Amino acid sequence: MVPRQNMKNCRSRMIARRGGYHERSLPCCRSAKMRLMEVNAQQPPAARDTCALCGRTDIRTTRHHLVPRMRHRQKRTQRAFTREQRQETVALCVPCHGHIHAVLTEKQLADEYHTLEALRRHDEIRRFAEWIASKPAGLRVRTRRKR
């Protein structure tokens, strides 16, 4: 988030505090919006890579933490995994990533499925990865939460 300057001069501090802008009205908010646009322009475009689960190539991928970030601060997780193991990620396509989180809870991911091989062994995830491997890159897949 871009730090806001001159907030005390802003007539609508509540809107600005909640992350909103009153476009084109006040210089303080206009400059904050311009800074945010500059930061967004500097970020690289979405990664196009190979999915580690289904093997599709030249698709938009996301990073999947093998040990979910929600579990990193728990003592049990800190004892079981080193810092490098907790921060390890794999590139997954959006449908595979969504399916993993629809099928497994964060606790299951941390305890049982914290490696790529373990994810591939899960029957439902394996079947989904085999099915989607033959689909085109732009396919939108609906996932339903099954936990």
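The values are calculated or read from the model by the stated rules, or taken from the named source; none is laboratory data. What you are looking at is a predicted structure, and each value in this text was computed from that prediction instead of being measured. All Cβ positions, glycine included, derive from the backbone under ideal geometry; neighbour counts span all protein chains shown.
Go through Ile100, Ile125 for me and flag whichever is of a type in the set (A, V, I, L, M), under 17 Å from the mean Cα position of the chain (by Cα) and modelled with pLDDT of 95 or more. It would help to see each step written out before you state the result.
Details: Ile125 fails: under 17 Å from the mean Cα position of the chain (by Cα).
One residue alone meets the criteria, Ile100.
When Cys93 is tested against (1) out of contact with any Cys (no Cβ under 8 Å at 6 or more places or on another chain); (2) surrounded by 14 or more Cβ atoms within 10 Å (Cβ to Cβ); (3) not hydroxyl-bearing (Ser, Thr, Tyr), exactly one condition is not met: (1). Here Glu112 qualifies as exposed (fewer than 14 other Cβ atoms within 10 Å of the Cβ) and over 16 Å from Cys54 (Cβ atoms). Scanning region 101-147 for residues that are assigned to a helix (DSSP H, G or I) and touching a His at 6+ places or on another chain (Cβ under 7 Å) returns Ile125, Phe128. Cβ separations smaller than 8 Å between residues 6+ apart or across chains give no pair from region 103-125 residues that are outside the structural domain of Arg76 (by TED's automatic domain parsing) and within 15 Å of Val67 (Cα to Cα) to residues that are surrounded by fewer than 21 Cβ atoms within 10 Å (Cβ to Cβ) and not β-branched (Val, Ile, Thr).
Here Arg60 passes the criteria (1) of a type in the set (Lys, Arg); (2) surrounded by fewer than 17 Cβ atoms within 10 Å (Cβ to Cβ); (3) in contact with a Leu (Cβ under 9 Å, 6 or more places away or on another chain) except the one numbered (3).
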